[in-house]
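Values in this text are rule-based calculations from the coordinates and carry no lab data. Bear in mind that the values here come from a model prediction, so they are computed numbers and not experimental data. Counting neighbours? That spans all protein chains shown, and the Cβs are built from the backbone with ideal geometry, glycine included.
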Amino acid sequence: MLEIKEQPRKALRKELRKQRNNLSPEEQSATAHEVANSALSGDEFTPGDHIAIYMDADGEVGTMPLIKALLARGKCCYLPVLVEETTTLEFRQYLPDGPMKTNFFGLLEPPASAPTIAPESLDTVFMPLVGFDTDGNRLGMGKGYYDRTFAFLRNKASGRPLLIGLAHECQRVERLEAANWDVPLVGVITGRQFYRAR
């Protein structure tokens, strides 16, 4: 765990991205499979049927083992899409044999013709992150897309969708300062364990 309390977010983000990119391919693969097993164990939460997940990049926890397992169980998976003219995310269904396109960040996503789902209708959202603490605070890339998209959860009693971060253990920090616009996570899954937010 990186023991940095007061380091500015920009510098902390840079350091944590460097650490996860320094992981070996073997470590990356092991974490991806361990995270998938933990997410599907049912010990801490039930994912439901409509699940948002991301395509990993830049050293993020690999998601393909989890995506394949979810699809094999008959779940519907949706990928976040960055729509240029908005500041929130759209979620389009991922079909393994369906077409994909490259967005303006160089990431693969389903095309505009793919079925979409409202964020409020998702059961679980497996989210990428740069850093996290055990209080459910998440350090993202700094654009705020997820926080704006799920801002409605701050005033929603049901707690769905569940926001679950996926991370390498090296991305855990002692404490992150939460901004007033941050939407907290229910928990974070690493290759080691599930950290339920206190």
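Quick notes on this one:
- Residue order, fewest to most beta carbons within 10 Å, for ILE117, ILE53: ILE117, ILE53
- Karplus-derived HN-Hα couplings along region 81-91 (A = 6.51, B = -1.76, C = 1.60, θ = phi - 60°), whole Hz, x at Gly and Pro: 10, 8, 8, 4, 7, 10, 10, 10, 9, 10, 10
- Electrostatic tally near PRO111: other residues with Cβ closer than 15 Å to its Cβ, Lys and Arg +1, Asp and Glu -1, net -2.
- Computed from backbone phi with θ = phi - 60° and the Karplus coefficients 6.51, -1.76 and 1.60, the 3J(HN,Hα) list for region 102-112 is 9, 8, 6, 9, x, 9, 7, 8, x, x, 4 Hz; x is used for glycine and proline.
- Radius of gyration and Dmax over the Cα atoms of the chain, both given in Å: 15.8, 46
- Taken over the Cα atoms of region 54-167, the convex hull encloses 120 Å³ per residue.
- Here's how it looks for VAL130: its modeled amide H is under 5 Å from those of LEU139, GLY140, which are all 5 or more places away or on a different chain.
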